[in-house]
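Chemist: For reference, the structure I am asking about is given below.
The values are calculated or read from the model by the stated rules, or taken from the named source; none is laboratory data. These numbers were taken from a predicted model, which means no experiment stands behind them. Reconstructed Cβ throughout: ideal geometry from the backbone, glycine too, with neighbour counts over all protein chains shown.
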Amino acid sequence: MDAINLPIYTLALPLTLGLVQLAKSAGLPTRWAGLAAVIIGALAGLFANLAGAEQASIANAALTGIIAGLSAAGVWSGTRAGIRPQ
């Protein structure tokens, strides 16, 4: 399998962050946000591939999206932990 596809990752990460935040504001429990980020990330990777970000295999686009979803979940939890008063 190829390496992470940077154009797809660059599109999938902010798309995943935004859609997970939108889902949470629509009522998604916070405990499911990580799983939602992975699923939305995979779909965002496939969408970015189909939109022509770069030609990659379906498996590579999905894997890149999953990595973007995991990154989005990590960015959210890391930021939230850094802001929380001690």
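Chemist: Identify the residue in the stretch 45-65 that is touching a Gly at 6+ places or on another chain (Cβ under 6 Å) and either surrounded by fewer than 21 Cβ atoms within 10 Å (Cβ to Cβ) or of a type in the set (Ser, Thr, Tyr) (or both) and, among all such residues, is farthest from residue 17 (Cα to Cα).
Modeler: Residues of the stretch 45-65 that are touching a Gly at 6+ places or on another chain (Cβ under 6 Å), as a first pass: 45, 61-62, 64-65.
After this cut, where a residue has to be either surrounded by fewer than 21 Cβ atoms within 10 Å (Cβ to Cβ) or of a type in the set (Ser, Thr, Tyr) (or both) as well, the list is 62, 64.
Details: 62: 16, 64: 15 Å.
The selected residue is 62.
Chemist: Moving on to the next point. Do we find a residue being outside any helix (DSSP H, G or I) and touching a helix residue (DSSP H, G or I) at 6+ places or on another chain (Cβ under 9 Å) anywhere in the stretch 66-79? Working first, answer last.
Modeler: First, pick out the residues of the stretch 66-79 that are outside any helix (DSSP H, G or I): none.
No, the stretch 66-79 contains no residue that is outside any helix (DSSP H, G or I) and touching a helix residue (DSSP H, G or I) at 6+ places or on another chain (Cβ under 9 Å).
Chemist: Return yes or no: is residue 78 at pLDDT 85 or above and closer than 20 Å to residue 20 by Cβ? Before the answer, list the steps.
Modeler: Working: at pLDDT 85 or above: no; closer than 20 Å to residue 20 by Cβ: yes.
No; evaluated as a whole, the condition is false for this residue.
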